[in-house]
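Asker: Supplied in structure tokens, the structure appears directly below.
Read-outs throughout are calculated quantities, based only on the coordinates presented, and are distinct from any laboratory measurement. Quick caveat, the model's predicted, so the values are computed rather than measured. Methodologically, a virtual Cβ is constructed for each residue, glycine included, from the backbone with ideal geometry; neighbour enumeration extends over all protein chains shown.
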Amino acid sequence: MKKIIYPVAAAIILAGSAFTAITVPSWTIADGYSISFSSDDASGIFKGFKGSIAFDEQNPAASKFDVTIDVTTINTGNGLQNKHAKSDEWFDVAKYPQIHFTSKQISKTAAGYQVTGDLEIHGVKKETSIPFTFKKTGTGGVFAGTFTINRNDFHVGKPGGDVAEQIKLNVSVPVTK
Amino acid sequence: MFKKALLLGIVSGLLAGVAGIIYARVYHSSLGADFSKVAPTLNIIASSLFGGVLAAIGFWLLDRILKDKGEIVFNLLFSIISFATLLAPFAVKLPLDLEAPELFPGMVIPMHFFPALAWFTLKPLFIKK
């Protein structure tokens, strides 16, 4: 019996260390990213975006996204609309200056990938799934995704009104290693 | 009369355009807000000239229709219309790559009064009653 213990222990340690040796490559967010939103009535962009991205095409399950959008950098192209969007009636940037997304699970799909995680807007956290693609470009790559959220889920603005409740988001993030 | 009014409209429009360009340059250098992409020099001149010529046609028409009271009504209308056009800069949606769109009305609103200002200033030189 004693003869078996050491080889088994060695095998377990070897196997364990092999798993810990798997590292997911980290990506740095490059300039030229675009975080835009649109609906029938309102559209614009967020200019501030940062975070950490660890992503492996071959091992999406081990990948991890943790990104934030600076809501104070919202630009609708109209000064009055910008002021309105930042006010307590909408994003309330004084209280909630960031939109935060943390991934919980990333999986491969037929069209690309899907990340599921906690999306926090206006102080309200909600589990959200975002389909995305990743295209390698030399030493870098580009993440791109389009999805729709209901602003009422995050208590942004009042239900109904002039601005549509379904807001489409387009995300394009070039990254480098 | 129409010839004098038209000449006044063209000259006051051009003068308003020049004043607009100078104001835009001063605004850009003092506040750093560059809106030359949406309000280039040619557009400022052209829109000021358009305002001046439109004023000339309006002045001539009102003078013909209302005779002595034409000028009073014209002056009132020119001021009111210039004032009413201030809504446009507040409502306009600029390209999203332009920084600080909230500074845009501050640049173009004074320009909306330049054609009227130039007209009222130059009118005694062109039309004497």
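Asker: Please work out the ratio of the alpha-carbon Rg of the range A:77-135 to 2.2 N^0.38 Å and round it to two decimals.
Answerer: My calculation over the Cα atoms of the range A:77-135 gives 1.47.
Asker: Can you give the three extents of the C-alpha atoms in the range A:83-171 along their principal axes, from longest to shortest, in whole Å?
Answerer: 43, 24, 23
Asker: Assign unit charges at the C-beta atoms only (+1 for Lys and Arg, -1 for Asp and Glu), then state the dipole size of chain B relative to its Cα centre in Debye, rounded to the nearest 20.
Answerer: 700 debye
Asker: Given the -39500 (n - 2.57) contribution per DSSP H run of 4+ residues, what per-residue ellipticity at 222 nm results for the protein assembly as shown, rounded to the nearest 500 deg cm²/dmol?
Answerer: Rounded to the nearest 500, the figure is -14000 deg cm²/dmol.
Asker: Continuing with this model, one more query. For the range A:24-176, with the dipole built from +1 on Lys and Arg beta-carbon atoms and -1 on Asp and Glu ones, taken about the Cα centre, which of A:Phe143, A:Ser39, A:Trp90 lies farthest toward the positive end?
Answerer: Of A:Phe143, A:Ser39, A:Trp90, it is A:Phe143.
Asker: Using only the alpha-carbon atoms of the range A:24-176 as identical scatterers, what base-10 log of I(q)/I(0) does the Debye formula give at q = 0.21 Å⁻¹?
Answerer: Ignoring solvent entirely, the Cα scatterers give -1.42.
Asker: Restricting things to Cα coordinates, could you compute the convex hull volume per residue of the protein assembly as shown in Å³?
Answerer: It is 199 Å³ per residue.
Asker: About its Cα centre, how strong a charge dipole does the range A:24-176 have in debye, to the nearest 20, once Lys and Arg get +1 and Asp and Glu get -1 at the Cβ?
Answerer: Magnitude of the dipole: close to 300 debye.
Asker: Return one number: the angle in degrees, 0 to 90 and rounded to the nearest 10, between the long axis of the Cα atoms of helix A:2-20 and the longest principal axis of the Cα atoms of chain A.
Answerer: 30 degrees
Asker: Give the cross-link partners of B:Lys4 among the lysines, using a straight C-alpha distance below 27 Å as the criterion and excluding same-chain residues fewer than 8 apart.
Answerer: Within reach: B:Lys67, B:Lys69, B:Lys123, B:Lys128, B:Lys129.
Asker: Could you work out the per residue convex hull volume over the alpha carbons of chain B, in cubic angstrom?
Answerer: Spelled out: Cα convex hull of chain B, divided by residues, is 93 Å³.
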